[in-house]
Amino acid sequence: MREGKAKVLNERELSRVINVVKRKAHAKRNIALLYCSFGLGLRAKEMAALRIKHVLGTEGSLLEEINLVGTMTKGNKQRHAYLTNPKVVNALRDFINDRQKHEGILFTLEAPLFKSQKGSAFSANSLQQLFHRMYSEAKLQGASSHSGRRTFATMLIEKGVDIKAVSTLMGHSSIAMTAQYVEDNPLRLKQICTDIF
């Protein structure tokens, strides 16, 4: 890992964070946040800007895609995140069902999707601090709110997804930017060299 770059987590490390978070306050919210980070590649700013209406339709079912408008993203670039991964969908559904149960008639589609302990929307900065706290509690050094995003890009590339598609999912204006996100995996590099002939 290069200095200054958020740590890319492997599956074991991601499981460790989730297992630690499960035993803490606001577990359902924080697990949903982790899955939005790792399963959708969302930035802290984007998660902080989400409203319930961005993920939940008026009939009460989860939407298949999140429309991230320019004001929500870095560089004012609209993009879509797709709610198709079962782990992401289950985490969000579990969290939203819990919110509806606790808020009752106060539950509204206009409300922030992720609320702080005080009941207001997170700022990007306060969400970054929450991610830092979750990773610290899981004893993962070098991880930050950007770790999910970098892990998302790296895992897609390792699964053979073309870099153009990854760049589109990340909302990058160039493939070169996406390439900077991807962590080279020494095992994958060894396998590439093994398979030349």
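What follows draws every value from the coordinates through simple rules; no lab data is involved. Since the model is a prediction, treat every value here as computed from it, not as a measurement. Heads up, the Cβs are rebuilt from the backbone with ideal geometry, glycines too, and the neighbour counts pull from every protein chain shown.
Brief remarks on what is shown
- Averaged over residues, the count of other Cβ atoms within 10 Å places the peptides 33-44, 79-90 in the sequence 33-44, 79-90, highest first.
- Axis of helix 11-22 versus longest Cα principal axis of the chain: the two differ by about 20°, to the nearest ten degrees.
- Against the chain, whose longest principal axis is taken from its Cα atoms, helix 27-40 shows a tilt of about 40°.
- Cα convex hull, the chain: 127 Å³ per residue, rounded to a whole number.
- Within segment 11-143: Cβ-based charge dipole about Cα centre, in debye rounded to nearest 20 (Lys, Arg +1; Asp, Glu -1): 460 debye
- Between helix 86-103 and the chain there is an angle of about 20 degrees, using the helix long axis and the longest principal axis of the Cα atoms.
- When the listed pairs 5/53; 24/77; 5/101; 5/164 are checked against a 29 Å cut-off, the alpha-carbon distance exceeds it for 5/53; 24/77; 5/101.
- Segment 1-102: relative contact order in percent, alpha carbon pairs under 8 Å with at least 6 residues between: 23 percent
- Our note on the geometry: Cα centres of segment 70-96 and segment 121-162, 15 Å apart.
- Residues whose amide H lies under 5 Å from that of residue 66, counting only those 5 or more places away or on a different chain, are 81, 82, 83; hydrogens are built 1.01 Å from N in the peptide plane.
- Only one residue of 8, 132, 84 has its Cα farthest out toward the positive end of the dipole of the chain, where Lys and Arg carry +1 and Asp and Glu -1 on Cβ, and that residue is 132.
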